[in-house]
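Read through the structure below, which is laid out as structure tokens, and then see the notes.
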Amino acid sequence: MSFKDLKTRPLLIVGGAVVGVLVIISAGICALESSPPSVSGGIAFVSTRDGGSSVTFIESFGANATKLIGPFNSVIAMQFSPNRQTIALLGGDAQNTTLYMVKLDSEDPEIQILPTDDAPLDIVWNPTGSTIAYSFKRAGGGYGISFVDIASEQQTILTFLDGKPSLGNWSPDLEWFTYSIADSGPDAGIYIKNPTGVNTIRLTETVGLNPVWSPDGSKIAFRSRQENGQGQIYTMKEDGSKLTSITSESGDNWDFEWSPSSNNLVFVSDRSGNPELFIANPDGKNMEQLTFNDAIESDPTWSPSGSEILFSSDAGGDPDLYTMRSDGSNQRRITRSAGIENSSIW
């Protein structure tokens, strides 16, 4: 399965402020571009500058970069809590992965380890920030999806699966959790399940990756895998009806994310010859290309207000962070030689 097929969602995130620091990264490792456009909150990303994968945080533009945790062999997944005061991440390697929480709302960021089953693969917070869902590979074979309650650290199994899951998210009203079985076979498809573990509903019978509810709960977006190896992005209603292709043109399409308003999806496509950023309505209309260059753009993610987009680009030689307005204007570089790993979420 390719990197584009099952990207772990978060390796770059934006959120709340850090008051204290753990390690200050030396000057030059993550220099900031002067006077970038204003983006609310801080930025956290995975940097490889110190020989491993470390979670690094910039509280505000012009501030020093702070290493919060690491280095690991890899950071498999990372995501801010809904209130943007805590970072959840999976750090380690394929055989030994640990779920960490880094709390940013104290004088010195507090690191907590949460219990998980077997080898966790991906994570996602619930909308209230009280629970983290994670997919995992079972030691005896097969896979599963579990929830861990933050306060009690109690774990609850949502489901066991034969095929490898692609983790989705909760519906905004917390009534459903969505996931897909990403392996081809009779069980392939997108499912929703009540978080109590009952009422499983199969929405599609073909492989769909990373099924994600829109913030308003009206639609689910996902990436398909075509026979030619390329991917297309679709939306559908929460009951699986009104399936709509957003990216019907030739080319591969990936790294999609809903805008906070649910009115747009930003994504990466190589339809123009190299990976560029595009935006479209959930019905596929008003498609616009946002970047135009020979560089590789990746991992677009919205600001909380929906007015700006953060993304990674190697336009300067190595992958660094850039921002732009949601119409593609005012593109600015905000880090230099930060050693940023691909995959991002704001």
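The values are calculated or read from the model by the stated rules, or taken from the named source; none is laboratory data. Treat the numbers as computed from the prediction; the structure is a model and nothing was measured. Cβ coordinates were reconstructed from backbone atoms using ideal geometry, including for glycine residues, and neighbour counts include every protein chain displayed.
Here PRO165 passes the criteria (1) more than 19 Å from the chain's Cα centre (by Cα); (2) over 21 Å from PRO82 (Cα atoms); (3) crowded, with 20+ Cβ neighbours inside 10 Å except the one numbered (1). Does any residue of region 283-297 turn out to be within 21 Å of the chain's Cα centre (by Cα), within 25 Å of SER54 (Cα to Cα), at pLDDT 90 or above and buried (at least 18 other Cβ atoms within 10 Å of the Cβ)? Within region 283-297 (the criterion being within 21 Å of the chain's Cα centre (by Cα), within 25 Å of SER54 (Cα to Cα), at pLDDT 90 or above and buried (at least 18 other Cβ atoms within 10 Å of the Cβ)), the answer is yes, since at least one residue qualifies. Scanning region 224-278 for residues that are over 22 Å from GLU308 (Cβ atoms) and of a type in the set (Asp, Glu), we see that the one that is surrounded by the fewest Cβ atoms within 10 Å (Cβ to Cβ) is GLU227. Can you go through PRO172, PRO186 and tell me which one is out of contact with any helix residue (DSSP H, G or I) (no Cβ under 6 Å at 6 or more places or on another chain) and under 15 Å from TRP213 (Cα atoms)? Among PRO172, PRO186, only PRO172 is out of contact with any helix residue (DSSP H, G or I) (no Cβ under 6 Å at 6 or more places or on another chain) and under 15 Å from TRP213 (Cα atoms). Against the numbered list (1) assigned to a loop (DSSP other than H, G, I, E, B); (2) in contact (Cβ under 8 Å) with a residue 24 or more places away in the chain, THR301 comes up short only at (1).
Restricting region 116-148 to residues that are in contact with a Ser or Thr (Cβ under 6 Å, 6 or more places away or on another chain) and of a type in the set (Gly, Ala, Ser), the residue that is modelled with the lowest pLDDT is ALA119. Any chance region 108-115 includes a residue that's modelled with pLDDT of 85 or more and crowded, with 22+ Cβ neighbours inside 10 Å? No, every residue in region 108-115 fails to be modelled with pLDDT of 85 or more and crowded, with 22+ Cβ neighbours inside 10 Å.
Matching residues to (1) over 20 Å from PHE45 (Cα atoms); (2) touching a Leu at 6+ places or on another chain (Cβ under 7 Å); (3) among the small types (Gly, Ala, Ser):
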position: THR247; (1), (2), (3): yes, no, no
position: GLU276; (1), (2), (3): yes, no, no
position: THR291; (1), (2), (3): yes, yes, no
position: PRO300; (1), (2), (3): no, yes, no
position: GLU308; (1), (2), (3): no, no, no
position: LEU321; (1), (2), (3): no, yes, no
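If the condition is being outside any strand (DSSP E or B) and either surrounded by 14 or more Cβ atoms within 10 Å (Cβ to Cβ) or at positive phi (or both), then region 176-186 contributes TRP176, ALA182, ASP183, GLY185. Pairing each residue of region 85-97 that is over 16 Å from ASP117 (Cβ atoms) with any residue that is of a type in the set (Phe, Trp, Tyr) and buried (at least 23 other Cβ atoms within 10 Å of the Cβ), provided the two are 6+ apart or on different chains, yields C-beta distances under 7 Å for ILE87/PHE80. Among the residues of region 106-117, those identified as touching a residue at least 24 places away in the same chain (Cβ under 8 Å) and either in a loop (DSSP other than H, G, I, E, B) or closer than 22 Å to GLY42 by Cα (or both) are SER106, GLU107, ASP108, PRO109, ILE111, PRO115, THR116, ASP117. The sole residue among PHE147, PHE136 that is touching a Gly at 6+ places or on another chain (Cβ under 6 Å) and under 22 Å from LYS193 (Cβ atoms) is PHE136. Counting only strands (runs of 3 or more DSSP E) that sit wholly inside region 241-287, those with at least 3 residues that are of a type in the set (Phe, Trp, Tyr) are 253-258. In this structure, VAL212 does not satisfy being without any contact (Cβ under 8 Å) to a residue 12 or more places away in the chain and under 22 Å from ILE132 (Cα atoms).
Tell me, yes or no, whether region 256-267 has at least one residue that is of a type in the set (A, V, I, L, M) and at pLDDT below 95. No, region 256-267 contains no residue that is of a type in the set (A, V, I, L, M) and at pLDDT below 95. Among the conditions (1) assigned to a loop (DSSP other than H, G, I, E, B); (2) modelled with pLDDT of 90 or more, ILE345 misses just one, which is (2). Taking only region 203-217 into account, find how many residues are modelled with pLDDT of 95 or more and surrounded by 14 or more Cβ atoms within 10 Å (Cβ to Cβ). The qualifying residues number 7.
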